[in-house]
Amino acid sequence: MRGSANVQGNSKSSEEGRRPSSAPRAPSPRERGEGEDVAIVGGGIIGICVATLLAEAGRRVTIFDRTGICEETSSGNAAAFAFSDVLPLAHKGMIKQLPKWLADPLGPLSIPPAYLPKLLPWLIRFWRAGNSRHYETSLAAQAGMMRLAEAEWMGLLDRSGTRPMLREDGSLELYESEAEFRASLSGWAARERFDIGFRHVEGEEMAALQPGLAPRFVKGTFVPSWKTVADPKLLGKAVWAYAERLGARFEHARIDRVEAGADGAAVMLADGTTRKAKQLVIAAGAWSHLLARNLGDRIPLETERGYNTTLPVSAFDVKRQLIFSGHGFVITPLETGLRVGGAVELGGIERPPNYARSKAMLEKAKRFLPGLDPSGGIEWMGFRPSLPDSLPVIGRARTPNVFYAFGHGHLGLTQAVATGRLIRDLVLGQTPPLDLKPFRPQRF
Ligand SMILES: Cc1cc2nc3c(=O)[nH]c(=O)nc-3n(C[C@H](O)[C@H](O)[C@H](O)COP(=O)(O)OP(=O)(O)OC[C@H]3O[C@@H](n4cnc5c(N)ncnc54)[C@H](O)[C@@H]3O)c2cc1C
């Protein structure tokens, strides 16, 4: 039930905003205590994009989050709109690399031994997702999702006035040997099938794309259409400011439990109060499965923890995102700093961070860009919410009036507005522009 003081919020609905101040007015549905149209758990980039698209469609929406808007994983990521990143993680090339990567405790992939027994069922599904039939299905689904993702983001950047935060300078992936370059070719061929443009470069052309690279890099691939944003946290907050102007609201609260049925949904707050809504969206990132379990859905969500260090802007003049796939990290020039990081640690949601991983990537970055000043950085860890087939869960829960929007892994920033569009269509009872079968929550 709405009714306690902390549900009032400070934003006005768009209708209230248009009302002449002297005119008498009827109490709004919020003031009548009728509850929201839609409650969303999670104020990361996925939750706020779902909220924004629903607010644009005239729905009364409240986001519930225990920290704030884009304060967790969505705040510190590598800032890429990775629209050309269509390859599912579980593919043969990657599975072949696993033994080498696992041998280095601070390398691109690590699994704390104590967590292995809990992780095993997820790993088995991940392994199976790499077989060619599953792989092709995931690849086609991801390519369709990415086309929608690009169109939806460009539209929202314009509508929300945030397009100046977009950087369109492409990416440069780098290889240390002919063998590493040749191993990448099948992936590029797969991308070519989906009309993704790229150019292999070397010598002067490569040096012009990024001056100051160490000579160990013999070849590169330039992807001109790759985009990044000025800062993912600032972008998220700017999109949210637009949603608030449309009437979307935020409530600072930890949600302990959710319930739903034919007549609506309820979220139970840690302070013991309850809020009601007609419909509920779970967009709680790496913690979403815990709430889905309340509703009888068991979804194999794990987290791929990632690390980085954000250096001062002056650390090095990086021209575009640099990708070191063989080492599992990237360097992104942001408006607010130079971000060095990536890596995957399959270590669950409880274990404290191991910032030795951030330091290991920074040391490598210094070797790869010898002029880089590694001082003055801020270390960070985030929880990528990941399903074993590298596709998010987007669809209806088993219970009526509940929708799931989580599990975007490495691509949550990229796919946030497309997810918002798909969930909006489901909430409004409209036909989504994509076949949602590969993304359905019941696929496991
Ligand atoms: C190192 C790293 C680099 C990355 N780089 C990129 C990139 O370049 N491009 C890209 O597209 N993606 C990237 N990602 C992935 C991307 O950051 C994530 O996919 C995305 O942020 C997930 O967003 P989300 O909204 O689902 O989750 P989150 O941002 O984690 O938001 C979930 C929110 O739910 C809240 N919550 C959870 N449970 C509850 C509860 N019970 N009650 C109240 N609130 C709750 C949390 O407080 C949190 O604020 C990267 C990730 C990492 C770690």
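The values are calculated or read from the model by the stated rules, or taken from the named source; none is laboratory data. Nothing here was measured: the structure is a model prediction, and the numbers come from that model. Here the Cβ positions follow ideal geometry from the backbone for every residue, glycine too, while neighbour counts run over all protein chains shown. Note: areas computed on protein heavy atoms with side chains; ligands, DNA, RNA excluded. Shrake-Rupley method; radii C 1.70, N 1.55, O 1.52, S 1.80 Å.
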Test: residue in the stretch 94-103 that is near the ligand (Cβ under 9 Å from one of its atoms) and out of contact with any strand residue (DSSP E or B) (no Cβ under 9 Å at 6 or more places or on another chain): no
Lone qualifier among Arg305, Arg351, Arg320 - being in contact (Cβ under 8 Å) with a residue 40 or more places away in the chain and either within 10 Å of the ligand (Cβ to nearest atom) or touching a Phe, Trp or Tyr at 6+ places or on another chain (Cβ under 6 Å) (or both): Arg305
Asp158 within 30 Å of Ala51 (Cβ to Cβ) and among the charged types (D, E, K, R): yes
Listing of helices (runs of 4 or more DSSP H) fully contained in the stretch 193-299 that carry 3 or more residues being more than 23 Å from Thr414 (Cα to Cα) and more than 12 Å from the ligand (Cβ to nearest atom): 203-209
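Thr336: open to solvent by 20 Å² or more (accessible area, probe 1.4 Å) and farther than 20 Å from Ala82 by Cβ, yes or no?
For Thr336, the condition - open to solvent by 20 Å² or more (accessible area, probe 1.4 Å) and farther than 20 Å from Ala82 by Cβ - is not met.
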Scope the stretch 39-88; condition within 6 Å of the ligand (Cβ to nearest atom), modelled with pLDDT of 95 or more and either under 30 Å from Leu185 (Cα atoms) or not in a loop (DSSP other than H, G, I, E, B) (or both); matching residues: Val41, Ile45, Ile46, Gly47, Phe64, Asp65, Asn77, Ala78, Ala79, Ala80
Qualifying residue in the stretch 171-181 (condition: under 30 Å from Trp240 (Cβ atoms) and surrounded by 14 or more Cβ atoms within 10 Å (Cβ to Cβ)): yes
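Condition check ((1) closer than 19 Å to Ala51 by Cα; (2) crowded, with 24+ Cβ neighbours inside 10 Å; (3) in contact (Cβ under 8 Å) with a residue 60 or more places away in the chain) across all residues:
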residue: Pro388; (1), (2), (3): no, yes, yes
residue: Asn401; (1), (2), (3): yes, no, yes
residue: Leu413; (1), (2), (3): yes, yes, yes
residue: Ala418; (1), (2), (3): yes, yes, yes
residue: Thr431; (1), (2), (3): yes, no, no
residue: Phe444; (1), (2), (3): no, no, yes
